[in-house]
Amino acid sequence: MQKYFLLAAAGIAIAAPAAARDGSGYIGVDGGILFPKSQHINGSVNFTDPLVTDITDQRVATVKFKKGYDVDLNAGYDFGMFRVEGELGYKKANNKSLRFDPTFLTALGTGSGNTVTDATFDLNGHSSVLSGMVNALLDVGGDSGFGASFGGGFGRARVKSLGDSDSAWAWQLIAGVRTAISPNIDAGLKYRYFRTGKLDFSDDVAFVGTGTGSGGTVFLDAGNHFSSHSLLASLTYNFGSAQEAAPPPPPPPPPPPPVEPPATQTCPDGSVILATSACPAAPPPPPPPPPPVERGERGK
């Protein structure tokens, strides 16, 4: 399930921008289904009768859980490319089945003279986890539409299970997708894998023998990890509202068409003028030269 959810989240993130509000704080709540992983139990038996052989420590049972619920409250700050947040979470699931190794039950019944079944042991009906985590998440996308986050967290958890409680360090992996449903509110879907460090759960069950059987004590130890998968719906309020990207400026107007030169004409005197103008009048011709003067002869 983890692999397919991560692939789906990556596909949505690539296809669209995100809804995170860069440079602002936020507060959110998550809630959904918890899928706890099975827990193994080790056990041993000390009989009071020295003639009855004790049962050495070994894996004797497996506890399976029903689907439970997982809720948390988180608050943080969005730096743009990544977010840092604090998270307070609570998980709870009821026991589904408690199955003991038939060999262990037979040995215990033979030594004690009792009829021993799975129902003989009551190891509490549920498990719960209270955790405080610090998460670092990588954001993919912008400030509006769809988006995704990937990351993990580290913190401390207190686990109650099998009639006992213990605290341990814990870590988690987170992947989520979300979309803006208003300028300040995001709704989303989140996957979480959660795991604690080693826990020390133990329970001692005293019994009495029947007939020739021996009394004694059963020591049970579930010293292992609590781990789970969760699928959560999330709702986040952002103190900075999403800003729509400014539309691109309109394209510049096309250049004006080129201006054609006006029509011209060439006058008889060789000048070039507009076709709509009149050529200048031709100058009058020069006057004719005067006639030659006749001269008379002398001495005639």
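Residues that are over 30 Å from Asn95 (Cβ atoms) and modelled with pLDDT of 75 or more number at least 1 in the following strands (runs of 3 or more DSSP E) confined to segment 213-300: 227-238, 264-266, 272-274. Considering only residues of segment 185-206 that are open to solvent by less than 10 Å² (accessible area, probe 1.4 Å) and outside any loop (DSSP other than H, G, I, E, B), which is modelled with the lowest pLDDT? That would be Asp186. When segment 133-146 is limited to residues that are part of a strand (DSSP E or B) and open to solvent by less than 30 Å² (accessible area, probe 1.4 Å), the one that is modelled with the lowest pLDDT turns out to be Asp139. Looking only at residues of segment 29-47 that are open to solvent by 50 Å² or more (accessible area, probe 1.4 Å) and in contact (Cβ under 8 Å) with a residue 60 or more places away in the chain, we find that the one that is nearest to Ser227 (Cα to Cα) is Lys37. Taking residues in segment 274-285 that are more than 15 Å from Pro262 (Cα to Cα), and partners anywhere that are among the hydrophobic types (A, V, I, L, M, F, W, C) and not in a loop (DSSP other than H, G, I, E, B), the pairs with Cβ atoms closer than 9 Å and at least 6 places apart or on different chains are Cys279/Ile273; Pro280/Ile273. When segment 210-223 is filtered for residues that are open to solvent by 30 Å² or more (accessible area, probe 1.4 Å) and either under 53 Å from the mean Cα position of the chain (by Cα) or closer than 26 Å to Asp164 by Cβ (or both), the ones remaining, listed by number, are Thr217, Phe219, Asp221. Pairs linking a residue in segment 48-61 that is of a type in the set (S, T, N, Q) to a residue that is open to solvent by less than 50 Å² (accessible area, probe 1.4 Å), with Cβ atoms under 6 Å and 6 or more positions apart or on different chains, are Thr48/Ser214; Thr48/Gly215; Thr48/Gly216; Thr56/Ser44.
Please pick out the residue among Ser149, Ser128, Ser112 that is more than 23 Å from the chain's Cα centre (by Cα) and buried (at least 20 other Cβ atoms within 10 Å of the Cβ).
Details: Ser149 fails: more than 23 Å from the chain's Cα centre (by Cα); Ser128 fails: buried (at least 20 other Cβ atoms within 10 Å of the Cβ).
Selected residue: Ser112, the only one of Ser149, Ser128, Ser112 that is more than 23 Å from the chain's Cα centre (by Cα) and buried (at least 20 other Cβ atoms within 10 Å of the Cβ).
Of the residues examined, Ala180 is not one that is under 30 Å from Val208 (Cα atoms) and small (Gly, Ala, Ser). Considering segment 170-184, the residues that are in a strand (DSSP E or B) and open to solvent by 40 Å² or more (accessible area, probe 1.4 Å) include one that is farthest from Asp22 (Cα to Cα), namely Trp171. Considering every residue within segment 26-42, establish whether at least one is over 25 Å from Phe194 (Cβ atoms), at pLDDT below 95, touching an Asp or Glu at 6+ places or on another chain (Cβ under 6 Å) and of a type outside the set (Phe, Trp, Tyr). Scanning segment 26-42, I find no residue that is over 25 Å from Phe194 (Cβ atoms), at pLDDT below 95, touching an Asp or Glu at 6+ places or on another chain (Cβ under 6 Å) and of a type outside the set (Phe, Trp, Tyr), so the answer is no.
Per the conditions (1) touching a Lys or Arg at 6+ places or on another chain (Cβ under 9 Å); (2) of a type in the set (D, E, K, R); (3) in a loop (DSSP other than H, G, I, E, B), the sole criterion not satisfied by Arg99 is (3). Screening Phe104, Phe82, Phe65 for residues that are more than 14 Å from Phe226 (Cβ to Cβ), in contact (Cβ under 8 Å) with a residue 24 or more places away in the chain and surrounded by 19 or more Cβ atoms within 10 Å (Cβ to Cβ) leaves exactly one candidate, Phe104.
The values are calculated or read from the model by the stated rules, or taken from the named source; none is laboratory data. For clarity, every value in this text was computed on a predicted model and none was experimentally measured. Note that we place each Cβ from the backbone using ideal geometry, even for glycine, and neighbour counts take in every protein chain shown. Accessible surface areas use protein heavy atoms only, side chains included; no ligands, DNA or RNA. Shrake-Rupley method; radii C 1.70, N 1.55, O 1.52, S 1.80 Å.
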